[in-house]
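The values are calculated or read from the model by the stated rules, or taken from the named source; none is laboratory data. Remember, predicted model here, so these are calculated numbers, not experimental data. Every residue, glycine among them, receives a Cβ derived from its backbone with ideal geometry; neighbour counts consider all protein chains shown.
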Amino acid sequence: MPGSRFLRRSEVHANSSVSTLSELNLILVGPPGAGKGTQAARLQEDFAIAYIATGDILREAVSEGTELGQKAKEYMDNGDLVPDEVIIGVIIERVEAEDAQDGFLLDGFPRSKGQAEALEQALGRLDRKLTAVLFIDVPEEEIVKRLSGRRVCQENGHVYNVHSDPPEQDGVCDQDGSKLVQRDDDREETVRKRLGVYDKQTAQLVPFYENEGLLHRFDGTRGPGEVHDHIRKTLSTLKLEDQL
Ligand SMILES: [Zn+2]
């Protein structure tokens with residue numbers, strides 16, 4: 001005879017099966033310039049999941065003065081890195097919000113194997129787990145081309161790319177005629193430095209999530225529409241498998 005504890009537990013699951021089984025708890029991994037923001041916006045619409053950009057929610061928590069936000073602010077004010085447990089605390093608060101009950105898309109965290117493990121434990125305490133890790137893979141040279149080709153207009157921040165989306169006249173904004181400049185962040189040297197940091201992160205995360213059977217790789221050299229289709233198909237299959 002099965003113990004009543006097990007019965008009760010399965011009842012709890014049966015009652016909430018619609019939301020728990022179809023949850024899409026996702027992590028987005030990819031180099032700067034891979035188009036993660038674009039994909040995130042589309043997936044948010046497709047699957048009605050909450051987009052959790054770590055940098056944004058940290059700033060939000062700070063400006064709202066939540067308990068964790070105040071903690072984070074102390075570190076930031078001292079010029080220190082916000083410790084993992086504080087960041088994870090802020091993420092978990094967000095994961096527990098109403099709009100994240102069907103799932104979430106986490107961007108910008110974790111950045112190391114240790115953070116990945118800590119996040120899994122924190123989600124486990126909520127009886128939730130990751131559904132998939134979406135890895136948008138783009139070779140370094142392509143990223144350098146994309147980012148170092150960016151030009152921004154000084155007046156209104158209109159964005160161009162000298163390779164893929166050039167203005168009609170070199171160095172001049174089509175829309176307001178103001179001068180186009182390259183931001184310091186987009187200089188080739190800076191881009192390569194950022195990619196170096198990113199490589200160290202993925203070198204830890206990719207094998208970790210591959211080993212857990214969660215990693216799904218997408219060819220980020222394809223156009224945004226094609227990448228989106230591929231991700232959506234993969235996620236729909238995952239949801240179906242989960243419901244069987
Ligand atoms: Zn402009």
Return the pairs, sorted by first residue and then second, in which the second residue is more than 12 Å from the ligand (Cβ to nearest atom) and in a loop (DSSP other than H, G, I, E, B), the first residue lies in the stretch 153-171 and is β-branched (Val, Ile, Thr), the beta carbons are less than 6 Å apart, and the residues are 6+ apart or on different chains.
Val162/Gly149
Condition set without any contact (Cβ under 8 Å) to a residue 40 or more places away in the chain and outside any helix (DSSP H, G or I), scope the stretch 213-226, selection farthest from Pro31 (Cα to Cα): answer is Gly213
Some residue of the stretch 186-196 being among the acidic types (Asp, Glu), outside any helix (DSSP H, G or I) and either free of Cβ contacts under 8 Å to residues at least 24 places away in the same chain or in contact with a Phe, Trp or Tyr (Cβ under 6 Å, 6 or more places away or on another chain) (or both)
no
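Please determine whether any residue of the stretch 168-184 is more than 16 Å from the ligand (Cβ to nearest atom), in a helix (DSSP H, G or I) and out of contact with any helix residue (DSSP H, G or I) (no Cβ under 9 Å at 6 or more places or on another chain). Working first, answer last.
So in the stretch 168-184, the residues more than 16 Å from the ligand (Cβ to nearest atom) come out as 184.
Okay, now just the ones that are also in a helix (DSSP H, G or I), so 184.
Those still in the list that are out of contact with any helix residue (DSSP H, G or I) (no Cβ under 9 Å at 6 or more places or on another chain) too: none.
No, that holds for no residue.
Check Arg194, Arg222, Arg232 and return the single one that is of a type in the set (D, E, K, R), surrounded by 14 or more Cβ atoms within 10 Å (Cβ to Cβ) and within 28 Å of Asn156 (Cα to Cα).
Values: Arg222 fails: within 28 Å of Asn156 (Cα to Cα); Arg232 fails: within 28 Å of Asn156 (Cα to Cα).
Result of the check over Arg194, Arg222, Arg232: Arg194.
If we keep just the residues of the stretch 143-166 that are among the charged types (D, E, K, R) and not in a strand (DSSP E or B), which is farthest from Gly220 (Cα to Cα)?
Start the filter on the stretch 143-166 by keeping residues that are among the charged types (D, E, K, R), which leaves 145-146, 150-151, 155, 165.
Pick out the ones that are also not in a strand (DSSP E or B) and you get 145-146, 155.
On the way: Lys145: 14, Arg146: 12, Glu155: 31 Å.
This residue is Glu155.
Might you check whether a residue that is among the aliphatic types (A, V, I, L, M) and modelled with pLDDT under 95 occurs anywhere in the stretch 192-202?
yes
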Over the stretch 123-142, the set of residues closer than 20 Å to Lys36 by Cβ and either part of a strand (DSSP E or B) or touching a Lys or Arg at 6+ places or on another chain (Cβ under 9 Å) (or both) is Thr131, Ala132, Val133, Leu134, Phe135, Ile136, Asp137, Val138, Glu140
Do the conditions hold for Val206, that is, is it among the β-branched types (Val, Ile, Thr), part of a helix (DSSP H, G or I) and without any contact (Cβ under 8 Å) to a residue 40 or more places away in the chain?
no
Considering every residue within the stretch 188-198, establish whether at least one is touching an Asp or Glu at 6+ places or on another chain (Cβ under 9 Å) and either within 30 Å of Glu23 (Cα to Cα) or within 16 Å of the ligand (Cβ to nearest atom) (or both).
no
Residues satisfying the stated conditions in the stretch 164-191, i.e. surrounded by 13 or more Cβ atoms within 10 Å (Cβ to Cβ) and of a type in the set (Ser, Thr, Tyr):
Ser178, Thr190
Read through the list (1) within 20 Å of Gln39 (Cβ to Cβ); (2) surrounded by 14 or more Cβ atoms within 10 Å (Cβ to Cβ), then give the number of the only condition that Gly55 fails.
(2)
